1. Express the relative contact order of the chain as a whole percentage, based on alpha carbon pairs under 8 Å and six or more residues apart in sequence.
2. What distance in nm separates the two pseudo spin-label positions at Ala93 and Gln443, each 7 Å out from Cα along the beta-carbon direction?
3. Going by average Cβ density within 10 Å per residue, which order do the peptides 175-183, 319-327 take, highest to lowest?
4. Using a Förster distance of 45 Å, how high is the FRET efficiency between Lys336 and Asp162, based on the Cβ-Cβ distance and rounded to 0.05?
5. What ranking do 103-114, 127-138 get when scored by the average of other Cβ atoms within 10 Å per residue, highest first?
6. Would you mind getting me the FRET efficiency between Val387 and Thr107? Use the beta-carbon distance for r and R0 = 41 Å, nearest 0.05.
7. Multiplying the sequence separation of Met145 and Tyr44 by 0.36 nm and subtracting their Cα-Cα distance, what value in nm do you get?
8. Within the P(r) computed for the chain, what percentage of the Cα pairs occupies the region above 32 Å?
Amino acid sequence: MPTDNNAPSPLWAAQGAYPSRQGNGLEIFIDGQAAYREIATSFYCARTFIYSTISFGAQDFLLVPETGEGLFDIFRNQQRQGVDVRIVVWEPALHTPDTIPDPSPATIPGVNQGPGSIQARWDTAKGYHGWYQSPHGHFEPFPLMFPADLGCHHQKTYIMDDGAGGVVAFVGGINPVQAYWDTQAHDSLDARRVAKGKDPLQGLEQTPPLHDIFYKITGPAVGDILANFIQRYNGASISHADVTTDAVASVTAEQIPQVPDGIELQVLRTIAPDTYPGTERGDRGIREFYLNALGAAGAGDLIYIEDQYFFDHGIISEIHEAALRGAKVLALLTSKPDEGTMAGKVESMLESMGSYSLASPLVEGQDNVALLTLGNSRPDPRQEGKVINSETYIHSKTMVVLGADWALMTGGSANIAFTSMWFHSEMNIAFTDVGRIKSWMAQLWAEHLQISVDDARALLGKPDDAFTVFKEQAVRNKAAMEGGTMPEGRVYFWKDIVFPPRQLEGAV
């Protein structure tokens, strides 16, 4: 551990594919506008290669809406400039919206069309069969038996050269789908969130604003992200071997120089057993790190979570135990994940199969736990004094454990769900730099509470006060929303709020 971090050691995932590595540069980009502007810039800087893993995606996704240039437009343009562009794409077993199947439904222009074209491979996912036993005996062991039809390659990564002899990578949760693009304003009327060619009114009424995060990494850990791509691309189940060739890593983690004043960072994964050569036992490094970090939290510490789902027996058991030891837990959770979609129906079925309705009640009643969600409000342009209220969909998968003089943070694609922790392909990063973690938490809290970054930072060293501020604002915001006045912030109680339908005719 770094000298500025006094967390109990070791907390890194010892069983994961990649070790923690010193000397890494790291930046955080909050919400889609900031993240994809930076990713687009890095695409254009590349002179040698661009490698991407895609789960959900759209060919015409606008990284920077003002340019009108879609994701595959950029890929094709860079390929024409001599950049080696390769992608590995999840091939869902069942028809799933917002994916790019093979074929798609026909050949994608510029993809797998001979020498000099983009090389793409598609990858079907694995299921999982085995016993699940949560720690501490809070839940009875039960068999996990999920067919491959429920599997998903859920990673979202981009790796490229930086045009100046180095390499850079991005790891996060924001899918390259227009509905996932958003600004920190989370404006219900921002039509840039609507896919090209779709009716803006329909798109905005159907799709809430969305909050998520991406990380930009430089230094040795990029070699591990690249190694993951090589393993997945070369081992993809639909290889199009007649028009693609295996990828070769241009550099390894050991060959990438450390960044001056860089931080210690670990690349974490979930990979189902027997998915690729070398993964016979699978990889559950993300789950191991979660359990280690939560197990280190106690009285005087703060656990902060943002997550789309909340149904993993092991993680929730550890949250329960940490709260019993005196840790304060603030969890911001999506109010109704994937409501009205096939994904939502599948997740509900999985929760039912695993009796996960029993999981959240284990922590809901604890004095040290606050389960919250996010909304957003703006003046209604149709009538003075009226307010448009909406949920903000929490797609972020983030956890911070903050002690008095130590901190741990992890984020990426993995949800607090047994699917993400056991057999969906996922990628997170984890790191320990106290200063950066506090700075980024302050930015997140400033956005959610609608306070200054300085005021948010002042709360970080006072877990009891922070806990009170979030809970009391949730009460006031609900009263304001129900009374038709403008809420002061964006925080609400998770199961104590019903956001109104987005009826936006005449406002768009």
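Values quoted throughout were computed directly from the atomic coordinates according to the rules given, and no laboratory measurement underlies them. Keep in mind that what you see is a predicted model, and the values were worked out from it rather than measured. Every residue, glycine among them, receives a Cβ derived from its backbone with ideal geometry; neighbour counts consider all protein chains shown.
1. Working: 1204 pairs, mean separation 94.3, N = 508.
Once normalised by length, the contact order is 19 percent.
2. So the two model labels end up 3.9 nm from each other.
3. Ranking, from highest mean packing down: 175-183, 319-327.
4. Efficiency at R0 = 45 Å is approximately 0.65.
5. 127-138, 103-114
6. 0.30
7. Length gained, Met145 through Tyr44: 32.0 nm.
8. 39
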